[in-house]
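The values are calculated or read from the model by the stated rules, or taken from the named source; none is laboratory data. The structure presented is a predicted model; accordingly, all values stated were derived computationally and were not measured. Reconstructed Cβ throughout: ideal geometry from the backbone, glycine too, with neighbour counts over all protein chains shown.
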Amino acid sequence: MGTGGMAAGGSEVMEAFNREISEAGIEASVEKFCSMHKVGCRGLCAKDVLVDVIVGGKKTTYQYTKPGMVSRIVKEHLIKGEPVADWMVGEDYYSFHDKQTKVVLSDCGNIDPEKIESYFAVGGYEAAKKVLTSLSPEQTIDIIKKSGLRGRGGAGFSTGTKWEICRNTKAAQKYIICNADEGDPGAFMDRSVIEGNPHAVIEGMIIGAYSIGATKGYVYIRAEYPLAVERLRMALAQARGKNWLGKNILRSGLDFDIKIKLGAGAFVCGEETALIASIEGQRGMPRAKPPFPVHSGLWGKPTVINNVETLANIPYIIRKGADWFASFGTEKSKGTKVFALTGKVKNTGLIEVPMGMPLKEIVYDIGGGTNKGRTLKAVQTGGPSGGCIPSELIDINVDFESLAKVGSIVGSGGMVVLDNTDCMVNIAKFFLEFTQAESCGKCVPCRVGTKRLLEILSRITQGKGKEGDIELLEDLSHDIKASSLCGLGQTAPNPVLSTIRYFRNEYEAHIKESRCPAAVCKDLIEYSILADFCKGCGACMRVCSSKAITGEKKKPHSIAADVCVKCGACYDVWVFKIW
Amino acid sequence: MVTLTLDGIKISVPDGTSVLDAARQCDISIPTLCHHPKLTPHGGCRLCIVEIKGMFRPVTSCTTPVSEGMEVATKSPALEKLRRTIIELILSDHPNDCMICEMAGDCTLQELAYFYGIRENRFEGERRIYAKKDGNPLIERDMEKCILCNKCVRVCDEIQGVKAIDVAYRGFKSKVCPPYERDLNCEFCGQCIRVCPTGALTGKNWALKGRQKDIKGIDTICPYCGCGCSLTLNVRKNEIVRVTSKEDTINEGWLCPKGTFGYHFVSSPDRLTKPLIRIAPKNSNKLQVTSYKLKNRKDFKDSSPLPTGQAGVTRPSSLFREASWDEAFDLIAKKFKGIKEKHGPDAIAGLSSARCTNEENYLFQKFIRAAVGTNNVDHCARL
Ligand SMILES: Cc1cc2nc3c(=O)[nH]c(=O)nc-3n(C[C@H](O)[C@H](O)[C@H](O)COP(=O)(O)O)c2cc1C
Ligand code: SF4
Ligand code: SF4
Ligand code: SF4
Ligand code: FES
């Protein structure tokens, strides 16, 4: 169970199973003949809570499980051996999984993240053993370089090369840091990996530490991830207990231990130099590079910073070989990538696909298309640093190079599906609100510039846009990108630029016609009842929480404009769709 | 040494020099707001950006170290456009009140706006408004004028070692303040005022005392202690209105709270300017000195911090009479000689002050040892 599964009621379902099983009198046999595990994120959040029941080697998966359903599952399936067909997952559950290729997530959702034995059972720590006992640091780095693995934290820098530079920097003390800050709105890849398979990250860090010559590691993780932190703590303690951390690991001579450093939830602290400042106890503000952390990082010592997903890939690459890993993906973007698929898509969840998969397959085959049958408008990738890919470009391949070409990025892996009820100006405004609030305030273009972008966008959504605003947005965006210090400011205008690039007409409609084509911007829309068509059924009146709708039964109703808060609830229940 | 080209000029500088320093060595001017030669580079204002061949985006020259064969352009239409936008953005969040600002004429931001000819602003918008002012007695902190160059934060940490202030909040709301936004309660060395490029930090006791153009600078040495920091008295109409210090002095322009803010005694009516000889009988103890406590800010504006004519304080004039220096010295010499003859030289002891210079202290011990004839000599700093 990850955070999402728990929010959907996972703990209650598990309790119900415990209760029902013991009431049914089969508790005594639980330990002997069957076992129950809580596992990490299964990916398909939209169908939570998911329960696998394996009887006689045959797996049945139940969806939308509620505590009230458990009794029947226990009685009919567990005891009588007859699966409850009504509640089993359907075709779409399998198509969601079939198109995916799981490397990082291959054990996530199958093993118990709170038990190191569970990880051992799927080959855990064998990679570290192989590295520590039979490979030199140089050989290890060579394998990682050959695999073509590029950082999954956003910038896509070659991991092997990063390690090599750090290895070649002479210093008495070096550090390896796992970046688990994950601050982008809508992203939950790293959290799910740590919640579902924390030992893979630890194993990746051990291999990294050995390769670069570090004896100390940190995991910088945001305090808003309590479950991930708890599982990581458990995993660290278990790894220490088995001497996978500590002094003289596996009698190889390697001393290495990992500390957890909690972040206070600032997006900018995911930027590597700000992250280092934060660990050092300073205000989390980025600094200019060079020097790069591999030369002078934490406490001025050579430091490798890698993303959670990057590190979780490492054990699998070592175990299965560089060629195996490089067989996935494209020429320049190797391997797989985890995405958090959200927004107006049927199968929201956590997915892993080979780099270079067409966006269309992700959205339609895995995601099942838009969730309310509306038309797809765009897909936003890369979070606040990324851009919107319009539906015309849906055939594009999702890899570092292709997305950059159309003005977006892979980023850390957020993927938000937008349909025709999403206003693109409003989407840009949403991201700018985020980046402006999260700017560290150090440099002028980002601190003041994003504020001005936001103000211009706000006035456009209020129908107060001026002639020339689009050009001003573009001009200021380019200046902010060119003159900001860190990645946050350098990419913050991307949502503005990409929405202008592909949806200029929407901006123009707001400015010139005071019209929001998607009917989202509240200042530009008004709800009214067409008296000619209204049958006075009262359906709209019942859902209006502001009591703005009045009217007698069977006579045309009306909406009081001054009371209406424009929530759209009446529009959504409207039963007499006439066009 | 590293050789690089700056705007076509070849120059060799020591390894580790910043591009900005290298440019300044060949008299190329690059605008800056957050750079200070004695503080670690910050890279916040972004004005000092330059183009370096092979780098795909402009970089800040204050933070970039030189490297062999580097080719730098410090001016180009693209760079000037970016600089202009940056200044416009800063001004869009700055009160438009140069007319009444203490720093007018002395302000780096004003100068940049002047050179870039910025009058209209494309980015008019919300401005930070802070209702509450800092209630400390000495430093006016007008944070609406702050451009977040971070110099005050760095000087307080790196030079003064106090760390009384830092940046709080994020984004547009970022603000330099003491912990929990309380009133500043620090050493009051004034280092932060010295480095602030705008009117955000000024001395409360030099408010409305005149523009820089009316001020005459008189170099002198601080009378407070033996360190002997160089001071520049800022004098207007024969009144000290402020004390500054130049950067090329022994104290590198830094002063302590006394040197910075404690100049009011110079024109205090309570100051003794002539020797006084006691006229009251020996045991009359009427002279009471009430200790003076800072009560409110108003006292600081008053050019004489010692309250005069308060009830219970007897003016010295009723106990002493004025005398000439000759008369006073004669009297002292006579009394010393008398004591020495009657009780021997060891009945006399000398205690000198840390506020005297080394030379003065040398003369003093010489006088006690050679003229008085005793080794009873000490100094208040030897405690
Ligand atoms: C504003 C900003 C936020 C970032 N946030 C994250 C983050 O949450 N997680 C992450 O792994 N990398 C983040 N990065 C990227 C890191 O700076 C760094 O490139 C990355 O951790 C390196 O790891 P990798 O090579 O494995 O990708 C962020 C960068 C910027 C500019
Ligand atoms: S770009 Fe933004 S987040 Fe980055 S240093 Fe500048 S102000 Fe801070
Ligand atoms: S007066 Fe001195 S101690 Fe106080 S904030 Fe300024 S620099 Fe720091
Ligand atoms: S108060 Fe002055 S020195 Fe301090 S950050 Fe603001 S502008 Fe800079
Ligand atoms: S002087 Fe270089 S960024 Fe401000």
Original post:
Pick from segment B:144-156 the residues that are away from every other protein chain (no Cβ under 13 Å) and more than 13 Å from ligand 3 (Cβ to nearest atom): which of them is surrounded by the fewest Cβ atoms within 10 Å (Cβ to Cβ)?
Top reply: B:E144
Original post:
What are the pairs, 6+ residues apart or on separate chains, where a residue within segment B:143-160 that is over 23 Å from B:A131 (Cβ atoms) has its Cβ under 7 Å from a residue that is of a type in the set (G, A, S) and within 16 Å of ligand 5 (Cβ to nearest atom)?
Top reply: B:C149/B:G44; B:N150/B:G44
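Mind counting the residues in segment B:157-181 that are more than 14 Å from every other protein chain (Cβ to nearest Cβ) and either assigned to a helix (DSSP H, G or I) or closer than 20 Å to B:K38 by Cα (or both)? Outline the logic, then answer.
Residues of segment B:157-181 that are more than 14 Å from every other protein chain (Cβ to nearest Cβ), as a first pass: B:159-162, B:164, B:178, B:180-181.
Going one step further and asking which of them are either assigned to a helix (DSSP H, G or I) or closer than 20 Å to B:K38 by Cα (or both), we end up with B:159-162, B:164, B:180-181.
Going through segment B:157-181 one residue at a time, the tally reaches 7.
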Subject >> Subset of segment B:246-284 that is under 27 Å from B:F188 (Cα atoms) and among the polar types (S, T, N, Q) - its residue that is nearest to the chain's Cα centre (by Cα) >> reply: B:T260
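Among B:P31, B:P14, which is more than 30 Å from the chain's Cα centre (by Cα), of a type outside the set (A, V, I, L, M), modelled with pLDDT of 95 or more and away from ligand 1 (no atom under 16 Å from the Cβ)? Even if it seems obvious, please write down each step before you answer.
Values: B:P31 fails: more than 30 Å from the chain's Cα centre (by Cα).
From the options B:P31, B:P14, the qualifying one is B:P14.
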Original post:
Only one of (1) within 14 Å of chain B (Cβ to nearest Cβ); (2) more than 24 Å from A:L149 (Cα to Cα) fails for A:Y364. Which number is that?
Top reply: (1)
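Taking the stated definitions as given, is B:T232 modelled with pLDDT of 95 or more and either more than 16 Å from ligand 5 (Cβ to nearest atom) or exposed (fewer than 12 other Cβ atoms within 10 Å of the Cβ) (or both)? First the steps, then the outcome.
Values: modelled with pLDDT of 95 or more: yes; either more than 16 Å from ligand 5 (Cβ to nearest atom) or exposed (fewer than 12 other Cβ atoms within 10 Å of the Cβ) (or both): yes.
Yes: the conditions hold for B:T232.
Quick check on my filter: what residues within segment A:265-287 are more than 18 Å from A:K162 (Cα to Cα) and in contact with a strand residue (DSSP E or B) (Cβ under 7 Å, 6 or more places away or on another chain)? Before you say what the answer is, go through the steps one by one.
Residues of segment A:265-287 more than 18 Å from A:K162 (Cα to Cα): A:265-269, A:274, A:277-287.
Within segment A:265-287, A:G265, A:C269, A:S278, A:I279, A:R283 meet the criteria.
Give the residues of segment B:144-156 that are away from ligand 5 (no atom under 16 Å from the Cβ) and part of a loop (DSSP other than H, G, I, E, B), sorted by residue number.
Just the residues of segment B:144-156 that are away from ligand 5 (no atom under 16 Å from the Cβ), to begin with: B:144-145, B:156.
Result: no residue meets the conditions.
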Original post:
Can you name every residue in segment B:117-143 that is assigned to a loop (DSSP other than H, G, I, E, B) and within 14 Å of ligand 3 (Cβ to nearest atom)?
Top reply: B:D134, B:N136, B:P137, B:L138
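Here's the yes/no breakdown for (1) surrounded by fewer than 21 Cβ atoms within 10 Å (Cβ to Cβ); (2) within 14 Å of chain B (Cβ to nearest Cβ); (3) more than 16 Å from ligand 3 (Cβ to nearest atom):
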position	(1), (2), (3)
A:V268	no, yes, yes
A:M285	no, yes, yes
A:F292	yes, yes, yes
A:L311	no, no, yes
Original post:
Do you know which of the residues in segment A:563-576 that are closer than 13 Å to A:A539 by Cα and over 36 Å from the mean Cα position of the chain (by Cα) is modelled with the lowest pLDDT?
Top reply: A:F576
**OP:** List every residue pair whose Cβ atoms lie under 7 Å apart, where the two residues are 6 or more positions apart in sequence or sit on different chains, the first residue falls within segment B:32-43 and is closer than 21 Å to B:F115 by Cβ, and the second residue, located anywhere, is within 14 Å of ligand 4 (Cβ to nearest atom) and among the β-branched types (V, I, T).
**Re:** B:L33/B:T108; B:L33/B:I147; B:H36/B:V195
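Applying the selection to segment B:132-143, what residues are more than 14 Å from every other protein chain (Cβ to nearest Cβ) and among the aliphatic types (A, V, I, L, M)? Break it down into steps so the answer makes sense when it comes.
Initially, segment B:132-143 is screened for residues more than 14 Å from every other protein chain (Cβ to nearest Cβ), giving B:132-142.
Within segment B:132-143, B:L138, B:I139 qualify.
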Subject >> Residue within segment A:513-528 that is touching a helix residue (DSSP H, G or I) at 6+ places or on another chain (Cβ under 6 Å), within 13 Å of chain B (Cβ to nearest Cβ) and not basic (K, R) present >> reply: no
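Table: residues versus (1) touching a Lys or Arg at 6+ places or on another chain (Cβ under 8 Å); (2) away from every other protein chain (no Cβ under 13 Å); (3) loosely packed, with under 14 Cβ neighbours inside 10 Å.
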{"residue": "B:L47", "(1), (2), (3)": "yes, no, no"}
{"residue": "B:V50", "(1), (2), (3)": "no, no, no"}
{"residue": "B:S67", "(1), (2), (3)": "no, no, yes"}
{"residue": "B:E71", "(1), (2), (3)": "yes, yes, yes"}
{"residue": "B:K81", "(1), (2), (3)": "no, no, no"}
{"residue": "B:I90", "(1), (2), (3)": "no, no, no"}
{"residue": "B:D93", "(1), (2), (3)": "yes, no, no"}
**OP:** Working only within segment A:87-115, note down all residues that are more than 16 Å from A:L341 (Cα to Cα), among the charged types (D, E, K, R) and within 17 Å of the chain's Cα centre (by Cα).
**Re:** none
Original post:
What are the residues in segment B:77-116 that are within 24 Å of A:L473 (Cβ to Cβ) and assigned to a loop (DSSP other than H, G, I, E, B), if any?
Top reply: B:D93, B:H94, B:Y116
**OP:** Report whether or not B:L39 is farther than 22 Å from B:T85 by Cα, within 14 Å of chain A (Cβ to nearest Cβ) and surrounded by 13 or more Cβ atoms within 10 Å (Cβ to Cβ).
**Re:** yes
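Of the residues in segment B:1-60, how many are assigned to a strand (DSSP E or B) and of a type in the set (V, I, T)?
Within segment B:1-60, the subset assigned to a strand (DSSP E or B) is B:2-6, B:9-13, B:18, B:49-52, B:59-60.
Imposing the further condition that a residue be of a type in the set (V, I, T) reduces the set to B:2-3, B:5, B:9, B:11, B:13, B:49-50, B:52, B:59-60.
Number satisfying all stated conditions: 11.
Sort out which residues of segment B:52-65 are more than 8 Å from chain A (Cβ to nearest Cβ) and either touching an Asp or Glu at 6+ places or on another chain (Cβ under 7 Å) or farther than 23 Å from B:C192 by Cα (or both), and write them in order of number.
Quick first cut of segment B:52-65, residues more than 8 Å from chain A (Cβ to nearest Cβ) only: B:52-56, B:61-62.
Residues satisfying the conditions are B:I52, B:K53, B:G54, B:M55, B:F56, B:S61.
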Subject >> Residues that are surrounded by 13 or more Cβ atoms within 10 Å (Cβ to Cβ) and in contact (Cβ under 8 Å) with a residue 40 or more places away in the chain, drawn from segment B:206-220 >> reply: B:W206, B:Q212
Original post:
How about segment A:467-481: which of its residues are within 11 Å of chain B (Cβ to nearest Cβ) and surrounded by fewer than 20 Cβ atoms within 10 Å (Cβ to Cβ)?
Top reply: A:G468, A:D469, A:E471, A:L472, A:D475, A:H478, A:K481
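List the helices (runs of 4 or more DSSP H) inside segment A:86-179, counting only whole elements, that have at least 2 residues being at pLDDT below 90.
A:91-98
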**OP:** Scan segment B:182-213 for residues that are within 22 Å of A:R283 (Cα to Cα) and either within 16 Å of ligand 1 (Cβ to nearest atom) or part of a helix (DSSP H, G or I) (or both) and jot them down.
**Re:** B:Q191, B:C192, B:V195
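Taking the condition surrounded by 13 or more Cβ atoms within 10 Å (Cβ to Cβ), in contact with a Pro (Cβ under 9 Å, 6 or more places away or on another chain) and within 29 Å of B:I332 (Cβ to Cβ), does B:L272 pass?
no
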Original post:
Hey, B:D97 hits all of (1) loosely packed, with under 14 Cβ neighbours inside 10 Å; (2) not assigned by TED's automatic domain parsing to the domain that holds B:I129 but one; which does it fall short on?
Top reply: (2)
